[in-house]
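The values are calculated or read from the model by the stated rules, or taken from the named source; none is laboratory data. All figures in this text were calculated on a predicted structure; none of them were measured in a lab. Here Cβ is always computed from backbone atoms with ideal geometry, including for glycine, and neighbour counts include all displayed protein chains.
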Amino acid sequence: MFPFEVSLDAILKNPEPYVDSVFSCLESEFLVMPKGAGFVEYPIFERGYEALKMATKGFLQLDPDKILSVTVTEPIVIIVLRSMLGFTPPEWGYVATQKTGVLVTQGFVRSLDRKVRMEPETKLNTNGVTGERLKAMIDTVCQLLASGVSKVNTDQLHRLDKADTKYGLEGIRNLSGMGVPYAMLLYERFLGRPFAGHRDSVSDLIGDSLESAIENVLANAGISFRKTKRAERIEGFDQAPDFIIPSEFNPAVIIEAKITEDDGTARDKVTRIQHLGELSLAGRSEDDPRYEVIACIGGRGFGVRREDMKKMIQATRGKVFTAKTLDRLIDCTRLKEFKVK
C-alpha cells in the first residue's frame, strides 16, 4: 500500500510500511546526465589543448600575447586554461581583477565562458572593454600557471596544489609529455568529484524531466494549472510552489517536484513541504485545509533519511508520488475534481 491510498490516521498509526513503499519506487539516474546546451565534446576540448600546446611550444614558455592570440582564434582554449587552473569562471575573474586592477566582472566572465561553450569555433571579438578584460584574464592565468604553489600553512591546501600546476610550468610540461600517473588522477578526481561542474550546470535539466512528466499528466486530463518560474513571487507564498491548481488566485492543490541525489537537498525540500503543509492549515482545521499539498520526488537523496520521509508523508497527508506512481496522481488526490478528460 502506498501512503496516498490510505487515510492520515492509518499513516500516523504506523508510518513505517508507507516509508518503505515510497523508498521501493524511488529511482536514481545519477550515473546518466543530460548533456544540455553548451556541452563541450572531447575532440573540441582536445583541439583547444593542442592549440595551446603549440602556442606555448609544448609549454616551454607562457607568452601572454601569443596565448591571447590563439584564444581569439580558438576560443575553446579559454576552457582548457580554466580547467588547468581548476577555477570557476567567477573565481578566475576575481583573481584577474585582484592581480591586474582591471575590473573583470562576474557577469562578463560567465557570459564569456558560456559563449565559448556554445560557439567554440566562433572567433572572439576583442574590441573595447572585452579585449581589455580578456587580456587581464590571460595575463593572470600565465602568471599563476608559471609560478606554481606558494607556501601555505600545514593545515591549509592551495588550489593550485595539483599534479600539473604544483611545480609551475615545469610540472605542466612534464605531464604534457608523459602518461599521467593513474593514482594521481584518481586522487584529484576524489577531491574534485568527476563531472561536478557539468552536473551542477545541468541540475535544472535533471529536475525538468519530472516537471515535464507532471505537466503531461495534468494536460492529458485537461486540468488547469499554473507552473511557476524560478524566483517568481506569488501572493500568499513566501516561495512559489512548482505547480498551483487551478491558479494562484484560488489554489486548491499545490505540487512540489524535486529530483535530487543529495540528501541535504532532499532535507531542504522536506522542510519546504512541511512549511507548505503548515500554511495550508493556517486558520483552518485539520479536516479543512486551504489546499492539498502534493510531493512528487525522485533520486536517491530522498531515500537516505527515514525520518525525513515520515515528515514528508505526514505533511502531505500521504500524497507523495514518484515517477513510478505518477499514473495514480490524479485519481488519488483532489486533482480528480478538476479532471475534464
Restricting attention to the stretch 211-232, report how many residues are assigned to a helix (DSSP H, G or I) and without any contact (Cβ under 8 Å) to a residue 40 or more places away in the chain.
4
When residue 324 is evaluated against the numbered criteria (1) under 22 Å from residue 220 (Cα atoms); (2) in a helix (DSSP H, G or I); (3) charged (D, E, K, R); (4) at pLDDT 95 or above, which criterion, by number, is the only one it fails?
(4)
Is it fair to say residue 288 is free of Cβ contacts under 8 Å to residues at least 24 places away in the same chain, outside any helix (DSSP H, G or I), in the same structural domain as residue 17 (by TED's automatic domain parsing) and among the acidic types (Asp, Glu)?
yes
Answer yes or no as to whether residue 306 is under 23 Å from residue 21 (Cβ atoms) and surrounded by fewer than 19 Cβ atoms within 10 Å (Cβ to Cβ).
yes
Residues satisfying the stated conditions in the stretch 171-184, i.e. assigned to a helix (DSSP H, G or I), among the hydrophobic types (A, V, I, L, M, F, W, C) and either surrounded by 13 or more Cβ atoms within 10 Å (Cβ to Cβ) or modelled with pLDDT of 75 or more (or both)
172, 175, 184
Among 34, 64, 17, which is the only one that is over 30 Å from residue 167 (Cα atoms) and more than 32 Å from the chain's Cα centre (by Cα)?
17
Just checking, does the stretch 195-210 include any residue being surrounded by fewer than 17 Cβ atoms within 10 Å (Cβ to Cβ) and assigned to a loop (DSSP other than H, G, I, E, B)?
yes
